[in-house]
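What follows is a set of notes on a single structure, which appears directly below.
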Amino acid sequence: MNKQILIRLMSALALTVGMVATSWAAETPATLAGTKLVNAADVKKLLDSGVPVIDTRVAAEYAEKTIKGAKSVPYKEKSAKDTGFDASQDQFDLSKLPADKAAPLVFFCNSGECWKSYKASVVAQKAGYSKIQWFRGGMPEWVKAGLPTQ
């Protein structure tokens, strides 16, 4: 095997390993300590009872389609998609959340590979919010369940 072919094979292998490692790191954890994991049916009940449901996706996604009654509070992330993310690199306007930090609220985004609701939940928890519901399934689960959108 000549040197040039070996270099190309090694480069291709390194690229493949990097892509696989990135895809593993991209999925949010299945749970988040200090929050309650909720599904679409739970969110519907919470929303119907007046609990604020916060869409952490970008404004364009919110404008295109969101959970009917959800409020847009975008989580603008620049930090790594990782549980050890550095929130100081991101932007999230906590002043747009309810003033009562003991009241329940729900965060969602686009499910598994979208880290915005995970990060918003962590940041809100560190800011003193104590009844955070994390809708990890987000918009895909909501739409699949046939629940109302706007």
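Read-outs throughout are calculated quantities, based only on the coordinates presented, and are distinct from any laboratory measurement. Model, not experiment: these values are computed from the prediction. Neighbour counts are summed over all protein chains in view; Cβ atoms, including those assigned to glycine, are modelled from backbone coordinates with ideal geometry.
Taking Cβ atoms as reference points and 12 Å as the exclusive limit, the residues near VAL53 contribute a net charge of +1, counting Lys and Arg as +1 and Asp and Glu as -1.
Working note: Cα gyration tensor of the range 30-149, eigenvalues times five, square-rooted, sorted largest first, giving semi-axes of 20, 16, 14 Å.
A viscosity of 1.002 mPa s and a temperature of 20 °C, combined with the Kirkwood radius over Cα pairs in Stokes-Einstein, give a translational diffusion coefficient for the range 102-150 of 189 µm²/s.
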